[in-house]
Amino acid sequence: MRGMANSSTTAPAGPPKAVKKPQVITHHGIDVGDDYAWLRDPGYPEVTDKEVLAHLEAENAWFESRMADRKPLIDTLFQEMRGRIKEADKSVPQKDGDWLYWIEFEEGAEYKKWWRRPVDAADDGSEDELLLDEVALAEGKEYFRLGAIAVSNKGDRLAYSIDDNGSERFIARVKVLETGELLPDEIPGTLSSLVWVADDTALVYSLANEQWRTDNARLHKLGTPTSEDVELYHEDDEGFRVGSSLSANEQWLIIGTSDHETSEIRLVRAADPLGEQILVKPRQKGVEYDVDEREGVLYIHTNDTHENFRLATAPLDNPGEWTTLIEGSDEFYLTGVDLFKDFFVIEGRRAGLDKIELHWYEEEEFQPIAFPEASYSAGLGDNPEWDMDRLRISYESMVSPATVFDYHVADGRLETLKVQQIPSGYDESLYKTERLEIEARDGTKIPVSVVMRKDRADGGPLHLYGYGAYGISIDPGFSTARLSLVDRGFAYAIAHIRGGDDLGRAWYKAGKLERRTNTFNDFVDVAKGLVERGYTAEGKISISGGSAGGELMGAVVNSDPHLFGAVVAHVPFVDVLATMLDASLPLTPGEWPEWGNPIEDQAAFELIRSYSPYDQVSAQAYPPIMVTAGLNDPRVTYWEPAKWVARLRELKTDDNELILKTNMGAGHGGKSGRFESLHETAEEFAFILWQLGVES
């Protein structure tokens, strides 16, 4: 098995049993015991404690031993998934200035290469220029991830950043494209985009501090030591994060700071980054906004008067005086605005379905883009130029492979440029997708997207996926990996539960803070509703979720373990109370608007404790559970899943499988590389098929 750390060549006699080292913390006069807190290495983010590492390695050895008999199935699933990926593949080239840019995968390559050629060059490869070779950069590394990448305005230099251990602390470098040489400039510890100033003499970036928080925007002048970098902005609120970008017309550097519910933006001319900054509007708790500029007018996308956002304008010389251009609406959730020279584009959702509309600056009428299916996922692709007469659009559905369109603005025509190829074959006519509404216990109707084969028998196995946090929607998109379950008789369902913003901002708010438990109840009620409608049966449902979706997995197996036949929790955020009580952890202060602050608020403390999966493990039978973790994960620290599994092993009353795999050289996203990551999906699916008795 790949990625295993095994301290023994013989199979373990039984699952690891973590020793108990009782600790007690007291908040608001309430004692909370934790026998497994010792699994947090006191030297974190360095993990060197021998007892901690030995326990993680023992868990990995147990995982390997339990999955050993599944190896043929894992290999079969992996080959199926790989066979659906076009190995030698490239994106549709896109024009940006004098160049056409694209990315390309070579046969068998885990990572991509970044290319360009002059716009007027022949398409014969003679003038193709390799900008960045991820394959070469990743050679010999267990983990590799490209962070930011940015070509300079003159097109002669490339700034990029890489992470080679999963810690999400990137090192930025600058490459001279004509010669391929790397400039001596090296910026370690970045966690941001890389933005070229107008004359290409400097880069704007954000540095991660010791708590992995970007509280700054900094200017690095090429050829000078990083110790001389100038801090353009510093954020004093530890819950806020800072990021920088360019306006669509590339005239303005936009420096933004925000937490999960409040934002504040400053503008400074890209030609004079050290010049006077314009504060658009001071922060106001609960008000989010983002800004772009055209011909002295600011366009502000904000939720100040309606939770589903409005579009306002303001003169550059009076940036805080906002006038409504498009009203907020209960029916239309305005998710984003993109400016172009002659028109602007708004994206949003109506009844949970993606919408894209073109608006002209001096006219009231607008032009919606129509798509061919009743249920789909669509959005703007890469549209880098200010003056565009066609827009790159991405599109897919649960049965339709990913498609790239150009939308011709003049005649409102969609031109198909590329449809995802599936080398091993895919017959769309064999599958069907449905959009259901299942009533939750409080009467709220929860949307559910389902895909299955048309010849599937009623009552068969069903996989249910959910997330439900941070206002992140789960779109009904296409997945080639998913077919390995669907072709074995599974229905695959996505529960669009509260906590995401699938149906608008109110949907998000209905699953956070004091209403957090709606998310868990929705998921359980969807599972029960699918049973009632005959899609599956109790105990024949497999479920999965990652990060905050892993918290969801932990909550629902505590409350309704009998419903589920197999559970996969990826990097699960299950130790919610302890994490939210620890302000020294990287993400905690910024997370309080999402979960509540249990340090200061006793009601938040008691609510979080009431659903925190780790704190609510009890002596009952649990379904089979597979858990993953990343040793270098800064988002959900490795000890959360390790502690959860230890407590489950101690208290659960069943003999069902419980296995934990910790990636010892990766972070939050697991293995890197397009094929390496498929191994982990194959392991997940093999576990599900094994537990539901569908091994074939």
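The values are calculated or read from the model by the stated rules, or taken from the named source; none is laboratory data. Quick caveat: nothing in here was measured; it's all calculated off a predicted structure. We place every Cβ from the backbone using ideal geometry, glycine too, and count neighbours over all the protein chains shown. Just the protein is used for accessible areas: all its heavy atoms, side chains included, with ligands, DNA and RNA removed. Shrake-Rupley method; radii C 1.70, N 1.55, O 1.52, S 1.80 Å.
So what's the convex hull volume per residue for the Cα atoms of the chain, in Å³?
Working: hull volume 114.3 nm³, N = 696.
Spelled out: Cα convex hull of the chain, divided by residues, is 164 Å³.
Could you work out the helix-only [θ] at 222 nm for the chain, with each DSSP H run of four or more residues adding -39,500 (n - 2.57) and the total divided by the number of residues, to the nearest 500 deg cm²/dmol?
Estimated from H runs of four or more residues: -5500 deg cm²/dmol.
Do the alpha carbons of any pairs in Lys71/Lys112; Lys418/Lys509; Lys86/Lys432; Lys95/Lys175; Lys454/Lys528; Lys21/Lys71 sit beyond 26 Å of each other, and which pairs? Walk me through the numbers before you get to the answer.
Values: Lys71/Lys112 28 Å; Lys418/Lys509 38 Å; Lys86/Lys432 24 Å; Lys95/Lys175 21 Å; Lys454/Lys528 22 Å; Lys21/Lys71 36 Å.
In this structure, Lys71/Lys112; Lys418/Lys509; Lys21/Lys71 lie more than 26 Å apart at Cα.
Out of the total accessible area of the chain (probe 1.4 Å, heavy atoms of protein only), what percent is carbon and sulfur?
Details: 13100 of 28100 Å².
Roughly 47 percent of what the probe reaches on the chain is carbon or sulfur.
Per residue of the stretch 612-619, what does 6.51 cos²θ - 1.76 cosθ + 1.60 with θ = phi - 60° give for ³J(HN,Hα)? Whole Hz please, x for Gly and Pro, Karplus curve as stated.
Computed from phi, the couplings for the stretch 612-619 are 3, x, 5, 6, 9, 4, 9, 7 Hz.
Counting other Cβ atoms within 10 Å, keep those with at most 14, restrict to DSSP loop, and tell me which trypsin sites (Lys or Arg not before Pro) in the stretch 450-526 are left. Numbers along the way, then the final one.
On the way: sites: Arg453, Lys454, Arg456, Arg482, Arg488, Arg498, Arg505, Lys509, Lys512, Arg515, Arg516; in loops: Lys454, Arg456, Arg482, Arg488, Lys512, Arg516.
Answer by residue number: Lys454.
Probe of 1.4 angstrom, ligands and nucleic acids ignored: what's the accessible area per residue over the chain, in square angstrom? Before the final figure, lay out the partial values.
Numbers: 28100 Å² over 696 residues.
Per-residue value: 40 Å².
When only alpha-carbon atoms count, how far does the stretch 510-618 stretch along each of its three principal axes, as whole angstroms with the largest first?
Each principal axis gives a Cα extent; for the stretch 510-618 these are 46, 24, 24 Å.
All other residues with a Cβ under 12 Å from the Cβ of Tyr467 taken together, and with Lys, Arg as +1 and Asp, Glu as -1, what is their net charge? Mind dumping the intermediate values first?
Values: positive: Arg498; negative: Asp475, Asp501, Asp502, Asp522, Glu551.
So the environment of Tyr467 carries a net charge of -4.
Using the alpha-carbon atoms, what tilt in degrees (0 to 90, nearest 10) does helix 517-532 show relative to the longest principal axis of the chain?
70
What nm value, rounded to one decimal, do you get for the distance between Val24 and Tyr44 when each label is placed 7 Å out toward the C-beta?
The modelled label-to-label distance comes out at 2.3 nm.
Can you compute 3J(HN,Hα) from phi for each residue in the stretch 163-169, using the Karplus curve 6.51 cos²θ - 1.76 cosθ + 1.60 with θ = phi - 60°, rounded to whole Hz and x for Gly and Pro?
10, 10, 9, x, 7, 6, 10
State to the nearest 20 debye the size of the charge dipole of the chain about its Cα centre, where the only charges are +1 on K and R beta carbons and -1 on D and E beta carbons.
On the way: 71 positive and 124 negative charges, 499 e Å.
Once rounded to the nearest 20, the dipole reads 2400 debye.
Under a 5 Å amide H to amide H cut-off, with H placed in plane at 1.01 Å, what residues pair with Ser547 once short-range neighbours are removed?
Sorted by chain and number, the residues that satisfy this are His570, Val571, Phe573.
With Cβ to Cβ distances under 9 Å as the rule, what net charge do the other residues near Ala402 carry (K, R +1; D, E -1)?
Working: positive: Lys418; negative: Glu396.
Charge balance near Ala402 sits at 0.
Which FRET efficiency value, to the nearest 0.05, do you get for Ala619 and Val32 by plugging their Cβ-Cβ distance into 1/(1 + (r/R0)^6) with R0 = 22 Å?
On the way: r = 18 Å, r/R0 = 0.83.
Efficiency, from the Cβ-Cβ distance: 0.75.
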